[in-house]
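Asks: Could you have a look at this structure, given as structure tokens, before my questions?
The values are calculated or read from the model by the stated rules, or taken from the named source; none is laboratory data. These figures come from a predicted structure and were not determined experimentally. All Cβ positions, glycine included, derive from the backbone under ideal geometry; neighbour counts span all protein chains shown. Just so you know, the surface numbers come from the protein's heavy atoms only, side chains and all, with ligands and any DNA or RNA stripped out. Shrake-Rupley method; radii C 1.70, N 1.55, O 1.52, S 1.80 Å.
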Amino acid sequence: MRCQYGLTLVTGLIECIGFAGVTFGWTSLVFVLKMENYFDDLCPDSGNVTTNSTAGCPSQDERFSLVFTVAAFMNSAMTFPGGYIFDRFGTAVTRFMAICQYTTATLLIAFSTADTAVLIFPALTLLAMGGILLILTNMQVGNLFGAQRSTIITLYNGAFDSSSVIFLVVKILYQNGISLQNLFLFISVCSILHILRTMFLMPRTHIPFPVPEGYTYGLKCGELGQKTSKSLNPSSGRNDGQKTTKASSKSLENEDGEVSFRSCALSSLFMWHLIWLSLMQLRHYLFIGTLNPTITHLSGEDPGLVSKFTNVFAISQFCGVLCAPWNGLIMDRHKRKHKVTDSLDDLRSSILSLALTAIQCVLFSLCASIAELPALYPTFILQVLNRSFLYGGNAAFLSIAFPARHFGKLYGLVMSLSAVISLLQYPAFYIIRAYLHGDPFYVNVSLVILMLLTFGHPINVFRVWRRKKNLRDESEVSADL
């Protein structure tokens, strides 16, 4: 059984690194699409643009930015219906939906040309939607590993971040003579691996937590594992196999699942978490969406430098899988010290993680405000570190702070609502291009100030933790009397 658990973990890690978050390697793909003359008809001197040109064209850059904005929005906005489907219909249905979206996306890119460049809009959108559903179904694998649950969740989110390096591989292979069509046809064929993994190494419904003894899953196991999963799927809101405190149970749970979900979504913990995620996600989306024109501007439109810094950025993204588990270790530290922990210990552990993530984003925003090419190196490091902490911490916090039966819906809801805020990246890009003459300095400074609001989340979590701890202590004293 441990062998099957290990195979599920390793293959899930490969799946997340190789496919789930490739959308965020957009900077590398833009380089290739420019060489293929996508949207070059928007440039006034498009007739003089050679096939090897990556020089700046504001209208073309704005169109590419719009493609990424739409894809990033749909990546988050469609997570809520995806999370509902995952909670309601289970893993197999959600994954087959993801595989269909992903394969359609890669085929659209494979058969698109400069004349049909508009296909990049639905292609990147479907790619993002399929990828987020793959990571959503994979995060439950953490349930198989008990005390390392948060570490596994953050590791998978780090792998999701690292998968943006795949478009760097596409860029390098393209520069070495392999056509864009052949590259994406190969990626399309890889969907067979996703189907096989869905059938043999993933449950039909959900992986329960805590995992019961003798739990099995996969096609060869018949219905035993699925019945066990259904009967023991955690609907009590327990975290890490322990009972929640009376205070947290009273505030978040009752017999009516709908009411319980509503109380979760309207709680101060969720509201502040939404603000925390939305603002930092906007900062990252704007950075990724404007990186290619930023590098082009800072390098004086030198194609060699544009290619070099695009490669450095993509390689730095691969380090996300190495950075993300640090956050999980922070959140799991109480489990390593004590065999028995409750939800309040987990909630307290999350405070440090949330605060560190906010600090990282402020430092990243400060570095991104420096208009010098050498400053991009520390900016890339801070960006990948912060992004891995952000998304891994997002999933881990939701699994800690709220009932497990609502994880898919809450994860989808917070991502969907944060998508609305992420739409601000496009008007910000327009302001940079139209009114700031391509210089994002003032927008970056404004974002640094805005990031200070994210510290409200760890402060609020500390306030909630202290209140619940006092209520528990008072109830224990009353019980002793």
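Asks: Scale the Cα Rg of the range 417-462 by the rule-of-thumb value 2.2 N^0.38 Å and send over the ratio, two decimals.
Replies: This ratio for the range 417-462 stands at 1.44.
Asks: In whole Hz and in residue order, list the ³J(HN,Hα) couplings for the range 344-357 that follow from phi through the Karplus curve 6.51 cos²θ - 1.76 cosθ + 1.60, θ = phi - 60°; x for Gly and Pro.
Replies: 5, 4, 5, 5, 5, 4, 6, 4, 4, 4, 5, 5, 4, 5
Asks: Next up: Arrange the peptides 277-283, 200-206 so that the one whose residues have, on average, the most other Cβ atoms within 10 Å appears first.
Replies: The packing order, highest mean first, is 277-283, 200-206.
Asks: Here is a follow-up. Apply the Debye scattering formula to the range 111-156, with a single equal point scatterer on each alpha-carbon and no solvent, then give log10 I(q)/I(0) at q = 0.30, 0.31, 0.34 Å⁻¹.
Replies: Debye output, listed in q order: -0.97, -0.99, -1.07.
Asks: Just read off the accessible area of PHE111 with the full protein assembly in place, 1.4 Å probe, to the nearest 10 Å².
Replies: Answer for PHE111: close to 120 Å² accessible.
Asks: Right, next: Treating the angle as unsigned and between 0 and 90°, give the value, to the nearest 10°, between the Cα long axis of helix 165-175 and the longest Cα principal axis of the chain.
Replies: 20
Asks: Rule-of-thumb check for the range 75-222: C-alpha Rg over 2.2 N^0.38 Å?
Replies: My calculation over the Cα atoms of the range 75-222 gives 1.16.
Asks: Would you pull out the residues with amide H under 5 Å of CYS43's amide H, same chain only if 5 or more places away, H placed 1.01 Å from N?
Replies: So CYS43 has HN proximity to no qualifying residue.
Asks: Work out, step by step, the length gained on full extension between PHE186 and ARG466: first 0.36 nm times the residue separation, then minus their alpha carbon distance; give nm to one decimal.
Replies: 95.5 nm
Asks: Projected area of the range 144-194, taken from the Cα convex hull and averaged over every viewing direction, in nm²?
Replies: That works out to 4.5 nm².
Asks: Mind grabbing the accessible area of THR11 for me, 1.4 Å probe, Å², rounded to tens?
Replies: Ignoring ligands and nucleic acids, THR11 comes out at about 40 Å².
Asks: Mean projection of the alpha-carbon convex hull of the range 65-119 over all orientations, in nm²?
Replies: Averaged projected hull area, Cα only: 4.2 nm².
Asks: Another question, if that's okay. Show me, for the range 74-87, the HN-Hα J-couplings you get by feeding each phi into the Karplus relation (A = 6.51, B = -1.76, C = 1.60, θ = phi - 60°), rounded to Hz, glycine and proline as x.
Replies: 5, 4, 8, 5, 8, 5, 5, x, x, x, 5, 4, 4, 5
Asks: Taking the radius of gyration and the Kirkwood hydrodynamic radius from Cα positions alone, what is the Rg/Rh ratio for the range 272-318, to two decimal places?
Replies: Value, to two decimals: 1.14.
Asks: Related question: Taking a 1.4 Å probe, which of LEU7, LEU436 shows the most accessible area, and what order do the others take after it?
Replies: Ranking LEU7, LEU436 by accessible area, largest first, yields LEU7, LEU436.
Asks: Once the mean 1/r over all distinct Cα pairs of the chain is inverted, what Kirkwood radius in angstroms do you read off?
Replies: For the chain, inverting the mean 1/r across all distinct Cα pairs yields 23.0 Å.
Asks: What does the convex hull of the Cα atoms come to per residue for the range 387-481, in Å³?
Replies: Spelled out: Cα convex hull of the range 387-481, divided by residues, is 115 Å³.
Asks: Next question, about the same structure. With a 1.4 Å probe and every protein chain kept in, tell me what percent of the accessible surface of the chain is carbon plus sulfur.
Replies: 67
Asks: Using θ = phi - 60° and the Karplus form 6.51 cos²θ - 1.76 cosθ + 1.60, what ³J(HN,Hα) does each residue of the range 464-472 get, whole Hz, x for Gly and Pro?
Replies: So the Karplus estimates, Gly and Pro as x, are 5, 4, 5, 5, 5, 5, 5, 5, 5 Hz.
Asks: Averaged per residue, what accessible surface does the chain expose to a 1.4 Å probe, in Å²?
Replies: Per-residue value: 40 Å².
Asks: Another question about this same structure. In Å and on Cα atoms, what radius of gyration and Dmax does the range 376-433 show?
Replies: 15.1, 45
Asks: At 0.36 nm per residue, minus the direct Cα-Cα distance, what do LEU219 and GLN175 gain on full extension? Give it in nm, one decimal, please.
Replies: Answer, rounded to one decimal: 11.7 nm.
Asks: Can I ask one more? Which far-off residues, 5 or more places away or on another chain, put their amide H under 5 Å from the one on GLY21, with H placed in the peptide plane?
Replies: HN-HN under 5 Å from GLY21: SER163.
Asks: Tell me, rounded to the nearest percent, the portion of alpha carbon pairs in the range 335-460 spaced more than 25 Å apart.
Replies: Considering the range 335-460, 37 percent of its Cα-Cα pairs are separated by more than 25 Å.
Asks: Let's test the formula: R0 of 35 Å, r as the Cβ-Cβ distance of LEU193 and VAL118. What FRET efficiency results, to the nearest 0.05?
Replies: Calculated transfer efficiency: 0.70.
Asks: If I stretch the segment between ILE14 and SER446 completely, what's the gain in nm (0.36 nm per residue apart, minus their alpha carbon distance), one decimal?
Replies: So the extension gain works out to 151.7 nm.
Asks: Taking K and R as +1 and D and E as -1, what net charge do the other residues with C-beta under 13 Å from the C-beta of SER299 add up to?
Replies: -2
Asks: Taking the simple approach of a point 7 Å from Cα along Cα-to-Cβ for both ASN311 and PHE455, what is their distance in nm?
Replies: 4.1
Asks: Hey, another quick one. Which number comes out as Rg/Rh for the range 261-339 once both Rg and the Kirkwood Rh are worked out on C-alpha atoms?
Replies: My calculation of the ratio gives 1.18.
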